[in-house]
Every structure is written in C-alpha cells, then in structure tokens.
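Have a look at the structure below before the remarks.
The values are calculated or read from the model by the stated rules, or taken from the named source; none is laboratory data. Quick caveat, the model's predicted, so the values are computed rather than measured. Because the Cβ atoms are built from the backbone with ideal geometry, glycine has one as well, and the counts that use them run over all protein chains shown. For accessibility, only protein heavy atoms count, side chains too; no ligands or nucleic acids. Shrake-Rupley method; radii C 1.70, N 1.55, O 1.52, S 1.80 Å.
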Amino acid sequence: MEKTISKYTLFEYLAGRANPLERQLVEEWIVQKENAEAFHRWLLEYETKSPQFIPDQDAALENLLRRVDSTMEYEGEWRKEEGEERAPSWFGRRSNRFWLVAASVTALVSCGWWFREPLQYKSYQTAYGQTTDVYLEDGSRVALNSNSKLKVPRLGFWGEVREVALEGEAEFSVSHTIDHKRFVVKTSKAFQVEVLGTTFSVFARPRGTKVALKSGSVRIDYSQNNQRREVMMEPGDLAFLDHEGAVQLERKQDIKTFAPWTEQRYVFNGTPMKEIIAMIEENFGQKVSLSDSNIAQRSITGNFKTKNAEELLKTISEVLDLRVEQNGASILLTNN
C-alpha cells in the first residue's frame, strides 16, 4: 500500500521530535522518487522557518541510516509483543524492508540524486529555440538563452556569496544587496565572474567562453597554468578566453551587440559563416554543413530579427547568394 505523510509529520521528523512510528513512515516515504518534489518543497519551507539549521550532508546521511536501523529494532520489539507465531512473517517483512531501504539509499547516494545535486540546487534548462527569464530570490533576473542550463541553490543564498552555475548563455541583471553580498557566476572550476550589482552576459559553450559587460563592474577569476589570475572589466568591455587559456579584453564595444538574442535578434559584424553555423547548432540544434570550404570563410554584417533557424538561414542565404537544401534533419548550404 502506498505510504503518504503530512507536512507536519516531516517537520517533526526534521526537528528530531517524531516518535518511532512517525520516523518509520517518513523514512519509507522519502526513499520513493515520486515524493522528491514534495520533499524539496517542504524542506525549503522548514529551512525558511528554521534558519539556524546548517545542512551537513554527511551527518544527514549517517543520521538517516541510524534512524532506519533504530526503526527496524523498534518494529521488531513491537511485533514480538503481538505473538511469537508471527515471527516468520515479521522477519520476512523486516528483511525485505531493510534491503529495500538499504538498496534505495545506496542507489540515491551513489548517483548523487538525493543528497547532492537535486537537494542542493534547482536547475532551469531551456530547449533548442527556447529562451526564458529566471527571477532569483534576491531580485536578480537571468535571461537564459536556448540550450542553456542555470543552477541556483535550492534553499536560497546562504553565506557570504550568491553563487550560481551556468552552462550555455545568459544575461544577468544583478541586484545589489544591503549587506554587499557578492554574486558569482561559475562556468567551470577554472573560470568565474564576480559582481556586486550590474548587467552582463556570459557565453560558456564548448567552443569558447565570453563575458560582455553592459553596466557596473565585474571581476573575472580564472586559472592559467595552475596560477590564479583576475581581470577587471568596465562597461563596454568584451572578454574572452584565448587558446592559451588567458583572458583577452576588447575595450569600448557596442553594448547593443551584447546578448541581442534577448530580443530575438542576431547581430553580426564581419562574422564568418563557420561561427554562424556553430551558433545555429548551439541555439536551435540544427546541423548545418557547407558544400564548399570557402563558404566557411565568407562573412556577414547585419542586424537580423528572427524567431527560428529557418528564418535566419533564409536571410543569410539571400545576403550571401547561397542555396539552402534540406534533407530531413540535415541542412546543406551551397553556392548558387
């Protein structure tokens, strides 16, 4: 029979006030994956009401296992009071339940599903061709581009740093806090952008990493040859990682060209076709190939408003006098 519990019961369990039967119900309930969303929601509410609590993942896991073992011992004593003739049934149920709980806990811990990533972070992810706005608890706004992923702390910004993780591309409008809490965007272990209050965009994809600053000031912390380095940016600066892993700055750029995708626009300034087709694959998931390698070196300049890859390819083909040939999911650009 499916087990259900109330929010009050979970709160009593988290506070350490649950009786043995309540502990058993909670521990059978939390190992079911279908209860994960409810658990995270109620846990966040409990943490909000109990800010003095500081999560300790290793201690939590040890405590859970200890409680499960304690529950099994209590059930054994309770069953014995009902009569020895029920011992075989109790033993079978106890053994099955123990191994079910043990297997569930082992699986969850080994894959990091329960006590690591999903418990610590909430993820926002966009599909190809999709953009969305994410509003953080501190009032900051994140415009997330296509095929991108943002991870934020599920239980809010604790400690001295507001830290998020980005895979893909996003524009950040960061709110200043009265306690001057730093805001950090991590794209890898070796690269992060740190700000206090500003508007900037971050591009973090396999083909490169770029940061464009619209207003305020940011500091880039990165690692090169196992040495920590930093670069300060001013409004209008465009920073990118070169092939040697160093950050290069391009000063006094046109900020209108920073993150134009937030307005469904694509701005090219002498941009070669090889970069454009890479961008189309990143944002729309469309694989584009060229019939002639010389086409890859041709460049285009312009400001194009488009909703999808088909519209953008049609415009580009007209400007460069190319022909678009589509065969299923494959797109080929050829000379006319």
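Can you tell me which residues in region 217-234 are under 25 Å from the mean Cα position of the chain (by Cα), open to solvent by 40 Å² or more (accessible area, probe 1.4 Å) and either touching a residue at least 12 places away in the same chain (Cβ under 8 Å) or farther than 15 Å from residue 184 by Cβ (or both)?
Scanning region 217-234 gives 217, 219, 223.
Within region 287-336, considering only strands (runs of 3 or more DSSP E) that don't extend past its boundaries, which have at least 2 residues that are farther than 23 Å from residue 127 by Cβ and open to solvent by less than 90 Å² (accessible area, probe 1.4 Å)?
Strands (runs of 3 or more DSSP E) meeting the threshold: 299-305, 322-327, 330-335.
Among the residues of region 238-256, is any modelled with pLDDT under 90 and under 18 Å from residue 197 (Cβ atoms)?
yes
Hey, can you tell me all the residues within region 126-142 that are farther than 25 Å from residue 176 by Cβ and small (Gly, Ala, Ser)?
Result: 127, 129.
Which residues, counting only those in region 198-216, are surrounded by 16 or more Cβ atoms within 10 Å (Cβ to Cβ) and not in a strand (DSSP E or B)?
198, 216
Search region 317-328 for residues that are over 17 Å from residue 287 (Cα atoms) and at pLDDT 90 or above and pair each with any residue that is open to solvent by 90 Å² or more (accessible area, probe 1.4 Å) and not aliphatic (A, V, I, L, M) when their beta-carbon atoms are under 8 Å apart and the residues are at least 6 apart or on different chains.
none
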